[in-house]
Amino acid sequence: MAEQVAADKAVDRVAELALRRMLIGGDLVDTGSEQMPVDSPGDGSSLGHVPVADRQLVADAVTSAEAAFPGWKRRDLRDRQAALVALADHLASDAENLAFLDAVDAGIPIGSALGEVRYTETFIRYLAGLAYSWGGRTVPTSARGIDLTLREPFGPTARITAFNHPLMFAAWKIAAPLLVGNTVVLKLPDQTPSSGLRLCAALQRIFPAGVVNVVTGPGQLTGDALVRHPGIKRIAFIGSVATGRRILSIAAERNTPVTAELGGKNAHIVAGDADLDRAAACAVTGMGYRGAGQSCGSYSRVLVHDSVYDEVVDRIAGLTKGLRVGRPLDPRTQVGPLISSAAVSRALAAVQEAVDAGASLVAGGTIPAVEGAAGGHYLTPTIVGDVEAGMGIAKQELFAPVQAVMRWSTLEEAIDLANGTEFGLCASVHSSDLRTVMTLAEALEVGSLAVNGSGAQHWMGAPFGGIKSSGIGGKEDSLDELLEATYEKNVFISMA
């Protein structure tokens, strides 16, 4: 009974905090009859309904962004910088409420959810500090004259974000486009819209009408209408490979520029001369178990040299067995729920398929009994050993707390295994031999590489982004994020 009362209070608080109104043209909008249900992955409880933006409301949002663009582009850069600082200040002041919403709505353990809000605040301040660093360049010419380039904003930009880091993506990923003079239509994830909707009131206060517009609704309707609208001049997407490809296909009809941060099946490579305790700890940290492995950057493949295979597997299994699976609002929780029961079923099916094909279940692979969360979507941290390259679990992005462990004996074999998927986001290498490290650094087909560390380490100013099916056209976490939100215009001034 006490647990049900606590769950009811959490639902009531979500209703109080989320506000449940979109931001279109400077107005907070509720569609009335068109509504979409939202559930908590932590216990399966209903969190109520949020508005659905149909094609007309999406068109209204884009029209507002078009109307606001000329004035925002001409706005003094100091004003645009100050707006980002004000957004960061708001995140600092409302951090606990926003974290609560991400915990209940997305299942992120409350400590991690608060950390994400704090990190987002810090990163927006970092971007604001780059306000005068994204200008053009002068170009030497053989003719009498001056050649220079200008960086120009594209105009109304569609920003479509994923469910796994709701507040972080909603706030951080609009900052760079806005700073350089674009206007934005932000489409929130249909599974986890609550923190983004709460943000709308602050966005309404901080930015002029139409500069930032926020819509909710299913991707098949709201997202599709947004990327098809001719008023959208650039699309930036975070999500699955399949959806990214659909967006690219639609954008190709009008040659709309697209940046896409997609999936990953990242390899954590452990050499025979590695510090095994550190390598095992970083494998667990890099997997992102706090988010139940639901991250494009999760190190879901562990590639271990034959000579230390058993030792590394034992260490990783020991560490994961000690992780506490629990409700996201419990501060003791170290592994939260997956986003849906379907996600749990897909992960368990992949594990079973691998075991049937000859792999070994080393740890986990069960649905735990979480007190007070009978309807939640939980899975114990799962380690599958003796995985072969041809198995689905070695190639498919599961977005779940499942790590596949594979053997290698030569560097060539490790490279083939690491590069043997369609993905190319990131990798990590653990070795004490510089030749091994540099050989792998040159050979691995990834956008980012961590050496003797964890893929969880993202540094402000260091570009992050993938190749192959992991992404197209863009780097984040750095000055590149501002440059990607602009196009380069060449100007030649004749002095003949």
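The values are calculated or read from the model by the stated rules, or taken from the named source; none is laboratory data. As the structure is a computational prediction, the values presented were derived from the model and not from experiment. In this analysis, Cβ positions are derived from the backbone assuming ideal geometry, glycine residues included, and neighbour counts consider all displayed protein chains. Side chains are part of the model used for accessible areas, which takes the heavy atoms of the whole protein and leaves out ligands, DNA and RNA. Shrake-Rupley method; radii C 1.70, N 1.55, O 1.52, S 1.80 Å.
Selection of first residues in the range 398-411 that are under 20 Å from Val325 (Cβ atoms) and open to solvent by 10 Å² or more (accessible area, probe 1.4 Å) and of second residues that are charged (D, E, K, R) and not in a strand (DSSP E or B), restricted to Cβ pairs under 8 Å at least 6 apart or on distinct chains, gives the following pairs, ordered by first then second residue: Leu398/Arg346. Could you tell me whether the range 390-397 includes any residue that is more than 25 Å from Val362 (Cβ to Cβ) and among the acidic types (Asp, Glu)? Checking the range 390-397: not a single residue is more than 25 Å from Val362 (Cβ to Cβ) and among the acidic types (Asp, Glu). Listed conditions (1) surrounded by fewer than 22 Cβ atoms within 10 Å (Cβ to Cβ); (2) touching a Gly at 6+ places or on another chain (Cβ under 7 Å) are all met by Asn419, apart from (2).
Residues of the range 469-491 that are more than 23 Å from Ala242 (Cα to Cα), out of contact with any helix residue (DSSP H, G or I) (no Cβ under 6 Å at 6 or more places or on another chain) and part of a loop (DSSP other than H, G, I, E, B): Asp477, Ser478. May I ask you to list the residues in the range 129-157 that are within 30 Å of Ala86 (Cβ to Cβ), part of a strand (DSSP E or B) and out of contact with any Asp or Glu (no Cβ under 9 Å at 6 or more places or on another chain)? Result: Pro153, Thr157.
Of all residues assigned to the range 349-357, at least one qualifies as being of a type in the set (Asp, Glu) and over 22 Å from Ile269 (Cα atoms).
Determine whether the range 398-415 contains at least one residue that is out of contact with any helix residue (DSSP H, G or I) (no Cβ under 8 Å at 6 or more places or on another chain) and farther than 17 Å from Gly272 by Cα. No, every residue in the range 398-415 fails to be out of contact with any helix residue (DSSP H, G or I) (no Cβ under 8 Å at 6 or more places or on another chain) and farther than 17 Å from Gly272 by Cα. So, in the range 214-225, of the ones that are surrounded by 21 or more Cβ atoms within 10 Å (Cβ to Cβ) and within 20 Å of the chain's Cα centre (by Cα), which residue ends up farthest from Arg74 (Cα to Cα)? Of everything passing the filter in the range 214-225, Gly217 is farthest from Arg74 (Cα to Cα).
A single member of Ala61, Ala67 is open to solvent by 40 Å² or more (accessible area, probe 1.4 Å), touching a residue at least 24 places away in the same chain (Cβ under 8 Å), of a type in the set (Gly, Ala, Ser) and within 12 Å of Gly210 (Cβ to Cβ), and it is Ala67. Looking at the range 453-496, which of the residues that are more than 20 Å from Thr120 (Cα to Cα), small (Gly, Ala, Ser) and open to solvent by 60 Å² or more (accessible area, probe 1.4 Å) is farthest from the chain's Cα centre (by Cα)? So, considering only residues that are more than 20 Å from Thr120 (Cα to Cα), small (Gly, Ala, Ser) and open to solvent by 60 Å² or more (accessible area, probe 1.4 Å), the one farthest from the chain's Cα centre (by Cα) is Ala496. Restricting attention to the range 441-452, does a residue exist that is within 25 Å of Asp275 (Cβ to Cβ), in a loop (DSSP other than H, G, I, E, B) and either in contact with a Lys or Arg (Cβ under 6 Å, 6 or more places away or on another chain) or open to solvent by 60 Å² or more (accessible area, probe 1.4 Å) (or both)? No, the range 441-452 contains no residue that is within 25 Å of Asp275 (Cβ to Cβ), in a loop (DSSP other than H, G, I, E, B) and either in contact with a Lys or Arg (Cβ under 6 Å, 6 or more places away or on another chain) or open to solvent by 60 Å² or more (accessible area, probe 1.4 Å) (or both).
Scanning for something touching a His at 6+ places or on another chain (Cβ under 9 Å), among the β-branched types (Val, Ile, Thr) and either surrounded by fewer than 22 Cβ atoms within 10 Å (Cβ to Cβ) or closer than 24 Å to Ala106 by Cα (or both), does the range 237-248 turn up at least one residue? Checked the range 237-248: at least one residue is touching a His at 6+ places or on another chain (Cβ under 9 Å), among the β-branched types (Val, Ile, Thr) and either surrounded by fewer than 22 Cβ atoms within 10 Å (Cβ to Cβ) or closer than 24 Å to Ala106 by Cα (or both). The listed residues are Glu412, Glu397, and the only one of them that is among the acidic types (Asp, Glu) and assigned to a loop (DSSP other than H, G, I, E, B) turns out to be Glu397.
Please find, within the range 104-136, the residue that is farthest from Pro70 (Cα to Cα) out of those that are of a type in the set (Phe, Trp, Tyr) and surrounded by 14 or more Cβ atoms within 10 Å (Cβ to Cβ). Across the range 104-136, the extreme among qualifying residues is Tyr119. If you check Met438, Met391 for being closer than 13 Å to Ala354 by Cβ, among the hydrophobic types (A, V, I, L, M, F, W, C) and either at pLDDT 95 or above or surrounded by 18 or more Cβ atoms within 10 Å (Cβ to Cβ) (or both), only one passes: Met391.
Tell me, which residue of the range 137-180 that is open to solvent by less than 30 Å² (accessible area, probe 1.4 Å) and more than 23 Å from the chain's Cα centre (by Cα) is nearest to Ala67 (Cα to Cα)? So the residue we want is Gly155. For the range 427-443, residues that are under 29 Å from Thr120 (Cβ atoms) and in contact with a Cys (Cβ under 9 Å, 6 or more places away or on another chain) total 1. Give me the helices (runs of 4 or more DSSP H) completely within the range 276-366, filtered to those with at least 1 residues that are touching a His at 6+ places or on another chain (Cβ under 6 Å) and open to solvent by 50 Å² or more (accessible area, probe 1.4 Å), ordered by residue number. Because the criterion is at least 1 residues that are touching a His at 6+ places or on another chain (Cβ under 6 Å) and open to solvent by 50 Å² or more (accessible area, probe 1.4 Å), the helices (runs of 4 or more DSSP H) in the range 276-366 that meet it are 341-356.
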